[in-house]
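Structure record follows, encoded as structure tokens.
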Amino acid sequence: NRTVRSKSVDEVLWLAPVPHPSSCRDGYAFRQHVAAARRNRGVPMIVEFDSYPIFYFTNHNAIQGPGEIECMPDHFKKLDFELEVAIVVNKRGRNITAEEADDYIGGFMIMNDMSARTLQMEEMLLNLGPAKGKDFSTVIGPWLVTPDELEDRLVPAKEGHVGNNYNLAMKCWVNGVQVSEGNVAQMDWTFAEILERCAYGVDILPGDVIGSGTVGTGCFLELNGTGKLNDPNYAEQWLQDGDEVVMEIEGLGRLVNTIKKVDTDFSILAKKK
């Protein structure tokens, strides 16, 4: 007879719940984050935010789960986390309405949309992107939670919006210090509405991953801007080599990552003409 020894969760390498998604989009659903970020830059809230949900495509080949996040030297020029929730699509659809779109959601996960802000801001001066500022790592996990597991946390969508929403607390710690706190229920645009736009004229596919965008207070870019607005002597904080980032969403688990600097001096920022 063979003896089978069970392993604790700390003894195994956790992969992303959807390690090879067919695509990865990220939305812009939390008005609080958008308004704060624009206020901190001294520009008014963009009125178009309330007219339609938007998203961008990111690198679905750079999806990863818990563990080390390898970063190049240029990434450490204002390296940032972004606290988000994500869905995975469970069936093919095209031209679906928001009223039916929740049926296309197979499950929910935590998402950390890693961001290299100097690269991001550089490329977006040309009104294109984000690309290199985002494409090196998008973290999802630690597991996939199906919608039936969250039925007791359902709350109404915000006024004027359609689709399911959920009362799930969101938090993030960096090196044991809590830096962010929000709630999935603060989403202005629902995943159903985002899916409606994603599927207009194209197929959404099983395995597509779609993020919510950053919750209010959910990144250093916003936190630093607010800090400096209130105190001119505020010291900016960005992620550094060896930092531990822990994200928790109620009902979806805890996503733990460690920042690791790649041993190289190769820089594309240094090659600018």
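The values are calculated or read from the model by the stated rules, or taken from the named source; none is laboratory data. Everything quoted here is computed from the prediction, not taken from an experiment. Note: ideal-geometry Cβ built from the backbone for every residue, glycine included; neighbour counts use all protein chains shown. Remember, those area values only see protein heavy atoms, side chains included, never the ligands or the DNA or RNA. Shrake-Rupley method; radii C 1.70, N 1.55, O 1.52, S 1.80 Å.
Here are the numbers for this structure:
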read-out	value
Candidates ALA16, ALA35 - the one that is within 26 Å of SER137 (Cα to Cα), in contact (Cβ under 8 Å) with a residue 40 or more places away in the chain and open to solvent by less than 60 Å² (accessible area, probe 1.4 Å)	ALA16
Number of the condition not met by GLU151 [criteria: (1) open to solvent by 40 Å² or more (accessible area, probe 1.4 Å); (2) within 23 Å of LEU221 (Cβ to Cβ)]	(2)
Test: residue in the range 124-131 that is open to solvent by 60 Å² or more (accessible area, probe 1.4 Å) and in contact with a Phe, Trp or Tyr (Cβ under 8 Å, 6 or more places away or on another chain)	no
Identity of the residue in the range 202-232, among the aliphatic types (A, V, I, L, M) and over 16 Å from ALA116 (Cα atoms), that ends up surrounded by the fewest Cβ atoms within 10 Å (Cβ to Cβ)	VAL202
Enumeration of residues in the range 234-273 that are open to solvent by 50 Å² or more (accessible area, probe 1.4 Å) and among the hydrophobic types (A, V, I, L, M, F, W, C)	ALA235, VAL256, PHE266, ILE268, ALA270
Identity of the residue in the range 70-97, farther than 26 Å from LEU144 by Cβ and of a type in the set (A, V, I, L, M), that ends up surrounded by the fewest Cβ atoms within 10 Å (Cβ to Cβ)	MET72
Whichever residue in the range 205-233 is under 14 Å from ALA86 (Cβ atoms) and not in a loop (DSSP other than H, G, I, E, B) and, among such residues, is farthest from the chain's Cα centre (by Cα)	VAL209
Unique match (being among the acidic types (Asp, Glu) and either within 16 Å of the chain's Cα centre (by Cα) or assigned to a loop (DSSP other than H, G, I, E, B) (or both)) among GLU196, GLU159, GLU149	GLU159
Hits in the range 157-174 (condition: surrounded by fewer than 16 Cβ atoms within 10 Å (Cβ to Cβ) and touching a strand residue (DSSP E or B) at 6+ places or on another chain (Cβ under 7 Å))	ASN167, ALA169
Test result for ASP74, modelled with pLDDT of 95 or more and either touching a strand residue (DSSP E or B) at 6+ places or on another chain (Cβ under 6 Å) or in a loop (DSSP other than H, G, I, E, B) (or both)	no
